[in-house]
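The structure appears below as structure tokens.
The values are calculated or read from the model by the stated rules, or taken from the named source; none is laboratory data. The structure displayed is predicted, hence computed values, not measured ones. No Cβ is skipped: glycine too gets one built from the backbone with ideal geometry, and neighbour counts run over all protein chains shown. These accessible areas exclude ligands, DNA and RNA; they are computed on the full protein's heavy atoms, side chains included. Shrake-Rupley method; radii C 1.70, N 1.55, O 1.52, S 1.80 Å.
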Amino acid sequence: MNQWIRGTVSAEGDKIAGHNFKVVKPSQTTGAYTLIFLHDFEETPSVVATINGDGWKIVDNAHVAKVDAGQCEIHTGDYYGALADRPFSFIAVG
């Protein structure tokens with residue numbers, strides 16, 4: 001049985017849209033967000049993420065750094081490639 005989770009997260013780490021996940025963003029960590037799936041996937045899901053908003057230029061980015069059946073870590077970065085807080089959306093399917 002396939003499961004999918006989608007969501008939108010603010011630069012501050014607040015959940016803006018979506019269900020079946022929560023966001024953990026340590027205040028001292030810039031550009032790193034852990035998405036915890038409330039129901040584990042049967043196997044490691046495929047996850048994609050992208051930056052939201054037209055204020056963020058093409059070179060700002062979102063990267064799926066780690067993923068397993070229960071959670072994933074998203075890193076967001078700035079124009080220069082350094083970690084930076086950015087709003088993003090994601091989809092996890094598995």
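Under the condition of being surrounded by 18 or more Cβ atoms within 10 Å (Cβ to Cβ) and closer than 14 Å to Ser89 by Cβ, which residue from segment 53-70 is farthest from the chain's Cα centre (by Cα)? Quick ask: steps written out before the conclusion?
Taking segment 53-70 as the starting set, the residues that turn out to be surrounded by 18 or more Cβ atoms within 10 Å (Cβ to Cβ) are 56, 60-62, 67.
Right, trim to closer than 14 Å to Ser89 by Cβ and you get 56, 60-62.
Working: Trp56: 16, Asp60: 14, Asn61: 11, Ala62: 8 Å.
My answer is Trp56.
Sort out which residues of segment 3-49 are under 17 Å from Val93 (Cβ atoms), touching a strand residue (DSSP E or B) at 6+ places or on another chain (Cβ under 7 Å), open to solvent by 40 Å² or more (accessible area, probe 1.4 Å) and in contact (Cβ under 8 Å) with a residue 40 or more places away in the chain, and write them in order of number.
Trp4, Arg6, Thr44, Ser46, Val48
Could we say that Ile51 is among the β-branched types (Val, Ile, Thr), modelled with pLDDT under 95 and more than 12 Å from Gly70 (Cβ to Cβ) here?
Judged against the criteria, Ile51 is a match.
Restricting to segment 71-94, and then to whatever is among the hydrophobic types (A, V, I, L, M, F, W, C) and open to solvent by 30 Å² or more (accessible area, probe 1.4 Å), can you tell me which residue is nearest to Ala11 (Cα to Cα)?
Step one: filter segment 71-94 for residues among the hydrophobic types (A, V, I, L, M, F, W, C), giving 72, 74, 82-84, 88, 90-93.
Filter again for open to solvent by 30 Å² or more (accessible area, probe 1.4 Å), leaving 82-83, 91, 93.
Details: Ala82: 15, Leu83: 12, Ile91: 17, Val93: 23 Å.
Going through the qualifying residues, I end up with Leu83.
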